[in-house]
Amino acid sequence: MALAAIGHLLAGAVPLGRWIPEQNPEARIYAFRALPDGVEHDVLVAWANKPMSISWPQGIPSEAVYDYLGRSVVSSGPADLTPSAVFMIMPKGGATRLTLQPPMSVSAGRPGGVCPVVLQLQMPASATNLDKQAHDIPPGTPTDLALFAYNFSEAKVSGTIRVRTPANWEITPASWPVVLDPMARKALPARIVISSTGAADWVRLKGDFGPAGQSVLAFRLAAKGN
């Protein structure tokens, strides 16, 4: 029933952004342009990891509110949020009355062929921080990273993989010479120390395998507890 509610209320959804209430920045309130019942509307999806109250700005238009199972809720705007999401249907353009953080943009397509070498980071699920779109690790402490290179081709490949981090982070080694047999996997031992200050930031790996092409891996790390 919850999946059916999402399919109905967010049919054809395009993200518009996120609204962060000043008094409760931990609230999860996302705006979409969607087609519930085949008619264009703005739809807010709102929840919170722990119960909290929300004060909506004056004049926010609301046509209907539904709970996570698609049941109608008598409300002009959910004042109390819980881990169970609610959907607020607004007229098209109604979400513009909220100050929305823009959604992440999609990278433009790049020309060229596909490199058979794939780079991978493995991290425990407990390190995942969806709010920051990053993995949390202890700041100022050496942390081992589980990095791997795969060769998904029938030919041996060789090359060099180099890593780039923010200036105030330290990673060893900074590069790996790699030889991969057909359909082989190779571990890339690495140890990193990140700063306790600043926002989540990127670690970028780039492998150059000559005629086989170039492979890229990028991921974000954040200081745990910040």
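The values are calculated or read from the model by the stated rules, or taken from the named source; none is laboratory data. On a predicted model such as this, the values are computed, not experimentally measured, just so you know. Ideal geometry is used to build each Cβ from the backbone, glycine not excepted, and the neighbour counts take in all protein chains shown.
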Of a type outside the set (Asp, Glu), over 21 Å from GLU170 (Cα atoms) and in a loop (DSSP other than H, G, I, E, B), is that true of SER126? no
Tell me, yes or no, whether segment 129-145 has at least one residue that is assigned to a strand (DSSP E or B), farther than 30 Å from ARG18 by Cα and touching a helix residue (DSSP H, G or I) at 6+ places or on another chain (Cβ under 9 Å). no
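A quick yes/no check of all residues on (1) within 21 Å of the chain's Cα centre (by Cα); (2) of a type in the set (S, T, N, Q); (3) surrounded by fewer than 19 Cβ atoms within 10 Å (Cβ to Cβ):
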{"position": "THR141", "(1), (2), (3)": "no, yes, yes"}
{"position": "SER175", "(1), (2), (3)": "no, yes, yes"}
{"position": "PRO182", "(1), (2), (3)": "no, no, yes"}
{"position": "ALA190", "(1), (2), (3)": "no, no, no"}
{"position": "VAL203", "(1), (2), (3)": "yes, no, no"}
{"position": "ALA218", "(1), (2), (3)": "yes, no, yes"}
Might you check whether a residue that is among the polar types (S, T, N, Q), under 19 Å from SER195 (Cα atoms), touching a residue at least 60 places away in the same chain (Cβ under 8 Å) and out of contact with any Phe, Trp or Tyr (no Cβ under 8 Å at 6 or more places or on another chain) occurs anywhere in segment 107-128? no
The correct count of residues that are touching a helix residue (DSSP H, G or I) at 6+ places or on another chain (Cβ under 7 Å), assigned to a strand (DSSP E or B) and not hydrophobic (A, V, I, L, M, F, W, C) in segment 5-61 is 1
The one condition in (1) touching a strand residue (DSSP E or B) at 6+ places or on another chain (Cβ under 7 Å); (2) in a loop (DSSP other than H, G, I, E, B); (3) among the small types (Gly, Ala, Ser) that GLY225 fails to fulfil: (1)
Scan segment 22-35 residue by residue and report those that are surrounded by 18 or more Cβ atoms within 10 Å (Cβ to Cβ) and either modelled with pLDDT under 95 or farther than 11 Å from MET90 by Cα (or both). ALA27, ILE29, TYR30
Enumeration of residues in segment 71-91 that are surrounded by 17 or more Cβ atoms within 10 Å (Cβ to Cβ) and either outside any loop (DSSP other than H, G, I, E, B) or in contact with a His (Cβ under 8 Å, 6 or more places away or on another chain) (or both): LEU81, VAL86, PHE87, MET88, ILE89, MET90
Output for segment 113-123, where each listed residue is within 23 Å of VAL179 (Cβ to Cβ) and assigned to a loop (DSSP other than H, G, I, E, B): GLY113, VAL114, CYS115, PRO116
Over segment 155-173, the set of residues over 22 Å from THR141 (Cα atoms) and crowded, with 16+ Cβ neighbours inside 10 Å is VAL157, GLY159, ILE161
Examine segment 41-60 for a residue that is touching a residue at least 24 places away in the same chain (Cβ under 8 Å), surrounded by 12 or more Cβ atoms within 10 Å (Cβ to Cβ), under 21 Å from ASN129 (Cα atoms) and among the polar types (S, T, N, Q), and state whether such a residue exists. yes
